[in-house]
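Where a number appears in this text, it was derived from the coordinates with a stated rule and is not lab data. It should be emphasised that the depicted structure is a prediction, and the values quoted were computed from it without experimental measurement. Please note: Cβ atoms are built from the backbone with ideal geometry, for glycine as well, and neighbour counts cover all protein chains shown.
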Amino acid sequence: MDLEQLFNQNKENTIQGRYITLNEIEPLLNKDSIKKDVKIIGKSILGKPIYSYQKGHGKIKIYLWSQMHGNESTTTKALFDFINLLNNGSDLANQLLDTFTFYCIPMLNPDGAELYTRANANNIDLNRDSQDLSQPESKVLRAVYEEFKPDFCFNLHDQRTIFGVADTGKPATLSFLAPSYNEEREVNESRLKAINLIAGINEVLQKYIPGQIGRFDDSFNINCIGDTFQYLGTPTILFEAGHFQDDYEREKTRKFVFMSLVSSFIILNENDIVHNRNDKYLNIPQNNVVFFDFMYKNVKINYDGIEIITNFVAQYKEELIDNKLNFNSYIVEIGDLKEKFGHFEYDAKGALYHDDLGNSPKIGQMANFNFDHKVFFVNGKIKK
């Protein structure tokens, strides 16, 4: 199966970029082809509707939710691409609908999506509220779980650009986790199903983004929703959509999330998770915090009247200004920075650092500077 072509055929072109709010997805939920399968299942703190989409009549029940964290929208885009596939009338769509019943919550945290924050409008991280259930959004998610009684849960998230695949120097474009169900991180029958499925997804994705798949930390936290559902006996898969080279809008990563979803359901449809693949799962390298957005090497700076050679790095801060998402780059660390990588790296080769504030980079200042008054950088990038 050509997953690349399948994505191109089903991509929902009306939504793109990182700032995805209810305003962008409501027109999609109101399309004639799907609105009969859409319901309002609750309200957010600020009274925004929380929508569900249910499709299929198969015995295997799949529960998927996205934008539990409002500023994590990549999987929302991929989920609508997948919904398009389910409605395209193809043989694959019909096969999936015969095998599965899909229950999707495309945007669990519409207030956080509007504000572009991780938390909801009460400043609560919904992914730490699975026991207290103190927030209406958390209660909706749990109520659906209790009523729908899924066979598999898909917990869809984004992760920051700081994550790489172990120490390989490659970004963690996608990371997966079969969450633990206890403090000892043991593997029972339920968790093994999630492990086997991830191992299968990884085999597919390695053909498209070799070496760019990570395994998320499996420390147990019962307050996290994935750990809770795994604890309750439902195989749960955590998706973490990360950085692909030069893809800060996460449009390439979106494609790989779509591929992962399709692959997972084909694997389940073929009942290809019956063998123990724990070794293959554990061979997926762990996520590691090794990346910065910008790295500048071998820079000469004046330090108390003495010229030294050092390195420094800058990181984007995603700032919502007048309902527009801005990527603003700030200097975050100066020093040796061994075993660290930059998504963009520049070797100054001993050139002298200058900016409008002084002769040395300062942590917290915007990344606007030059080397030897010859090469100028604005917002971290070389000025052209």
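Miscellaneous remarks
- The 3J(HN,Hα) values that the Karplus relation (6.51, -1.76, 1.60; θ = phi - 60°) gives for region 36-43 are, in residue order, 5, 9, 9, 9, 8, 10, x, 10 Hz. Gly and Pro appear as x.
- Quotient of C-alpha Rg and 2.2 N^0.38 Å, computed over the chain: 1.05
- Counting every C-alpha pair in region 302-384, the share spaced more than 17 angstrom apart comes to 50%.
- Dipole of the chain [Lys/Arg +1, Asp/Glu -1 at C-beta], most positive-end residue of Gly42, Leu85, Thr101: Leu85
- Lysines whose Cα lies under 24 Å from that of Lys280, excluding same-chain neighbours fewer than 8 positions away: Lys170, Lys193, Lys207, Lys255
- Amide hydrogen neighbours beyond the local backbone of Gln365, cut-off 5 Å, H modeled: Ile331
- Ordering Leu205, Thr21, Phe265 by Cα displacement along the dipole of the chain toward the positive end leaves Thr21 in first place; charges were set at the Cβ atoms of Lys, Arg (+1) and Asp, Glu (-1).
- Phi angles across region 16-33 convert, under the Karplus curve 6.51 cos²θ - 1.76 cosθ + 1.60 with θ = phi - 60°, into 3J(HN,Hα) values of 7, x, 9, 8, 10, 10, 4, 4, 7, 9, 4, x, 5, 6, 9, 5, 4, 6 Hz, Gly and Pro given as x.
- Whole-Hz Karplus values for region 105-115 come out as 10, x, 8, 6, 10, x, 5, x, 5, 5, 7 Hz, taken residue by residue from phi with 6.51 cos²θ - 1.76 cosθ + 1.60 and θ = phi - 60°; glycine and proline positions read x.
- Of Asn120, Thr168, Ala178, farthest towards positive along the dipole that unit charges on Lys, Arg, Asp, Glu beta carbons give the chain: Asn120
- What you get for region 270-349, charging only the Cβ of Lys and Arg (+1) and of Asp and Glu (-1), is a dipole of about 140 debye around the Cα centre.
- For region 326-384, a crude dipole built from +1 on the beta carbon of Lys and Arg and -1 on the beta carbon of Asp and Glu, taken about the Cα centre, is about 200 debye to the nearest 20.
- For Asp158, distant residues with modelled amide H under 5 Å away: Ala241
- C-alpha center-to-center spacing [region 186-247, region 260-335] in angstrom: 18
- Note on the chain: with a GNM built from Cα contacts shorter than 10 Å, the maximum mean-square fluctuation among Leu325, Leu126, Leu205 falls on Leu325.
- Region 250-317: proportion of alpha-carbon pairs further apart than 21 angstrom, %: 60
- Global form of region 344-384, assessed from the alpha-carbon gyration tensor, a/c cut-off 1.5: rounded
- Long-range amide H partners of Glu12 with built H, under 5 Å: Asp81
- Charges were assigned to the Cβ only: +1 to each Lys and Arg, -1 to each Asp and Glu. The resulting dipole of region 149-271 about its Cα centre is roughly 300 debye.
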